[in-house]
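Student: Here's a structure for you.
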Ligand code: IMP
């Protein structure tokens, strides 16, 4: 599966504005709670870098890497952990940070996995919610943008490792 960046869906200005709002909400909700933010690699690295700098206090960060997609745009349905958390999560307030939720399979798996560490709270923040594609329900506590359809690239999102470093989010135009 390959393609090129087509229509720009979210500009730098859209992204900056929404991340500022999410940062303000999280700063309010997590004030004094010393949360751990667990980012889902690789796609989240740009969003997470901007999000933590929109918070009013320093937070601890950690990352997991999960594998379910191949080199294309369809999930295989099976999720594996290829890099686990390193920070002890027991009794901590944990916020999963994800770039995009599609079928929900990845997050449902990760949520269950992290819940087994017995955190004090476990919530999810995602930049993009492709709600209409959902196959498994996962509670999304903080959502940047709901999106109806399309495969998106840029701002960390890739298609077969291409277009990840574009500064804005585009709809992929398939070749
Ligand atoms: P899910 O398990 O189907 O919810 O898939 C979640 C993962 O699929 C995300 O973390 C992304 O890595 C990838 N993904 C889903 N939709 C897109 C997209 O539109 N662009 C880029 N990656 C996507």
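Student: Answer yes or no: is there a residue in region 156-169 that is within 10 Å of the ligand (Cβ to nearest atom), closer than 21 Å to residue 54 by Cα and in a loop (DSSP other than H, G, I, E, B).
Tutor: Yes.
Student: Could you tell me whether residue 128 is at pLDDT 95 or above and either more than 24 Å from residue 49 (Cα to Cα) or touching a helix residue (DSSP H, G or I) at 6+ places or on another chain (Cβ under 7 Å) (or both)?
Tutor: Judged against the criteria, residue 128 is not a match.
Student: Give the residues of region 1-14 that are under 15 Å from residue 145 (Cβ atoms) and touching a strand residue (DSSP E or B) at 6+ places or on another chain (Cβ under 7 Å), sorted by residue number.
Tutor: Within region 1-14, 7, 8, 9, 10 qualify.
Student: Looking at region 1-16, can you tell me whether even one residue there is buried (at least 18 other Cβ atoms within 10 Å of the Cβ) and under 14 Å from residue 93 (Cβ atoms)?
Tutor: no
Student: Please verify whether residue 52 is modelled with pLDDT of 95 or more, at negative phi and touching a helix residue (DSSP H, G or I) at 6+ places or on another chain (Cβ under 9 Å), treating the condition exactly as stated.
Tutor: When the stated conditions are applied, residue 52 passes them.
Student: Further, regarding this structure: Output the residue which, of all residues in region 125-139 that are within 11 Å of the ligand (Cβ to nearest atom) and farther than 10 Å from residue 102 by Cα, is surrounded by the fewest Cβ atoms within 10 Å (Cβ to Cβ).
Tutor: The qualifying residue surrounded by the fewest Cβ atoms within 10 Å (Cβ to Cβ) is 138.
Student: Which members of region 140-150 meet the condition of being near the ligand (Cβ under 9 Å from one of its atoms) and modelled with pLDDT of 95 or more?
Tutor: 147
Student: Name the residue that is surrounded by the most Cβ atoms within 10 Å (Cβ to Cβ), counting only residues in region 140-153 that are in contact with a helix residue (DSSP H, G or I) (Cβ under 9 Å, 6 or more places away or on another chain) and part of a strand (DSSP E or B).
Tutor: Among residues in region 140-153 that are in contact with a helix residue (DSSP H, G or I) (Cβ under 9 Å, 6 or more places away or on another chain) and part of a strand (DSSP E or B), the one surrounded by the most Cβ atoms within 10 Å (Cβ to Cβ) is 144.
Student: Something else: Would you list the strands (runs of 3 or more DSSP E) that sit entirely within region 1-118 and hold 2 or more residues that are without any contact (Cβ under 8 Å) to a residue 60 or more places away in the chain?
Tutor: 36-41, 60-69, 75-83, 93-101
The values are calculated or read from the model by the stated rules, or taken from the named source; none is laboratory data. Predicted, not measured: the structure shown is a model, and the values here were computed from it. We place every Cβ from the backbone using ideal geometry, glycine too, and count neighbours over all the protein chains shown.
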